[in-house]
Amino acid sequence: MQNYTTILGVIELRGRKCPYDAIQKRYSIGSSTLQLIMKRYAETGIPLEDLKSMEPSKVEEMFYPPQNLRRDDIPMPDFQKYYDRLMGKGSKVNMYFLWIEYKEEHPNGYQQTQFYEHFRRFIEKNYGGRDVSMPVERIPGEKMFIDWAGDQPELIVDTHTGETHKVHIFTTTLGVSSMVFAEAFMDEKLPSFIQGTVDAIQFYGGVPKYLVPDNCKTAVTKHSKDELILNTAYQDLEDFYDTIITPPPARKPKGKPTVEGHVRYLETHLIKKLKEDVYTSLESLNEAIQRIIADINQRRYQKLPGTRLEAYEKYDRPHMKPLPGGKYAACDYKYVLKIPDNYHLEYDGHYYSVLYTYRGQPAILKATFSEIRICDRNNRLLCTHRRSYTDFPRYITEDSHMKPSHLYYKDVNRKDGAYYRRWASAYGEFTAELIDTVLRSARHEEQAFNSCAGILHMCKGVPHGLVEEASRKCVETNTCRYSYFKKILAKVTSDHKTGSGGAATLPKHSNLRGKDFYS
């Protein structure tokens with residue numbers, strides 16, 4: 001069968017008295033084909049200009065009627081039956097599978113190309129042709145497409161109860177080679193999705209520039225034409241492998257035709273093969289999957305030379321980034337709608353602090369075996385803690401996270417009497433005696449810690465000589481209490497500024513020479 005361009009080209013050139021040899025070379029046809037076209041042109045009696053105005057398909061059918069294409073010894077396949085199976089709801093079959101089935105019924109029937117051509121003509125005639133699709137130029141090693149197979153077969157048998165369990169098939173395909181990877185999981189939850197992605201990258205032995213997951217909730221929190229929010233765990237995976245995650249357009253399955261086509265292919269050539277056997281564990285099932293996947297990747301292409309594995313080694317692998325050192329370690333993620341008023345997040349019976357100003361905001365806690373990480377709603381790191389496995393303390397608090405007033409009381413409660421005596425001695429002997437008197441005046445020293453802390457914090461920024469002067473007056477008048485010291489220190493400081501109180505008495509010390517030393 002010749003196409004519209006060849007038919008009209010032959011007729012036009014013969015009308016110009018062009019030699020047969022030149023026409024045959026021009027259109028790469030034989031003498032018999034050229035004579036057949038001219039014979040049928042004469043039989044139609046239609047002028048060339050009228051033929052040019054007709055639909056190309058009508059011209060082709062006029063010169064090559066469908067009944068002439070059919071071999072007399074082989075009946076035309078029941079394409080309506082095949083079409084109904086192909087387009088049926090939930091159908092997992094494809095054209096290649098239908099052709100294999102057809103050949104099993106008719107071993108001497110049409111070959112694949114002829115079968116496809118007749119099927120195409122049937123669809124165009126009865127269903128108005130096919131949708132127009134945009135060609136996509138693939139770039140070696142650029143994208144790894146990720147999806148779950150729609151079919152969830154019951155493949156694992158419980159040896160104790162005999163009950164069968166469904167499995168979920170995670171699958172990926174890569175770049176130019178379309179090299180496929182698959183792995184079975186018991187669910188489609190986030191840990192399975194992350195583990196499948198990590199195993200796929202390890203399987204390929206390199207990192208593509210882009211990861212293209214389906215818009216499932218395990219990978220994508222929100223994806224509209226205006227906004228893309230990736231799952232936090234997938235963002236961490238993106239950072240670890242230094243790659244870019246770009247889901248296809250929302251609700252556009254044709255935005256990822258590569259993986260969609262291979263999902264259908266695997267549902268036919270992988271899952272149907274798996275159903276032929278019985279598996280008692282996920283491990284044995286995945287071993288079988290890897291054997292079948294290895295076979296698929298080593299099969300020769302239907303329309304191209306070589307295999308997926310050969311194309312991968314030649315095109316995709318050289319353009320992929322090397323694997324980073326180590327393997328991605330998945331975290332346990334905990335999403336917190338509001339940071340509580342005590343600015344601590346609970347995990348595994350312990351409470352970990354975050355800066356108090358984040359109270360009331362959403363947060364994400366990520367737990368590894370050794371570390372607790374707390375991030376804000378945009379997955380930006382706020383702080384880290386070493387993970388605690390001891391029963392106490394239950395509250396793991398970083399001092400810099402505390403409100404100043406809270407930090408003050410924490411400091412007060414974790415000190416002892418000796419600490420405040422050492423602190424007071426830095427000012428001089430009267431201040432040390434003042435603090436010692438305050439501590440001894442209480443029934444229990446701990447009851448005086450607040451007063452001691454208040455007195456000493458009050459002295460910050462005040463010259464030591466003025467502190468000693470105020471302390472001396474409190475000791476001499478036996479008024480060693482916080483309230484009296486506060487009043488006396490304020491008066492001493494005020495007198496010093498106005499010059500009405502005289503010079504402050506300096507503390508006695510062997511290194512202080514005094515005015516008599518210079519006389």
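The values are calculated or read from the model by the stated rules, or taken from the named source; none is laboratory data. It should be emphasised that the depicted structure is a prediction, and the values quoted were computed from it without experimental measurement. For the accessible areas, the whole protein counts, side chains as well, though only heavy atoms, and no ligand, DNA or RNA atoms are used. Shrake-Rupley method; radii C 1.70, N 1.55, O 1.52, S 1.80 Å.
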Practice prompt. Mind checking the per residue accessible area of segment 1-43 for me, 1.4 Å probe, whole number of Å²?
Written response: 62 Å²
Fill in: Extent along principal axes [Cα atoms of segment 333-416; Å; largest to smallest]
40, 28, 17
Discussion item. How many angstrom lie between the Cα centre of segment 446-469 and the Cα centre of segment 295-357?
Written reply: 56 Å
Fill in: Mean projected area in nm² (Cα convex hull; one quarter of hull surface) for segment 370-474
9.6 nm²
Practice prompt. Would you mind calculating the relative contact order of segment 1-69 from Cα pairs under 8 angstrom and at least 6 residues apart, reporting the percent as a whole number?
Written response: 47 percent
Worksheet item: Of all accessible surface on segment 348-457 at a 1.4 Å probe, what whole percent is carbon and sulfur?
Response: 48 percent
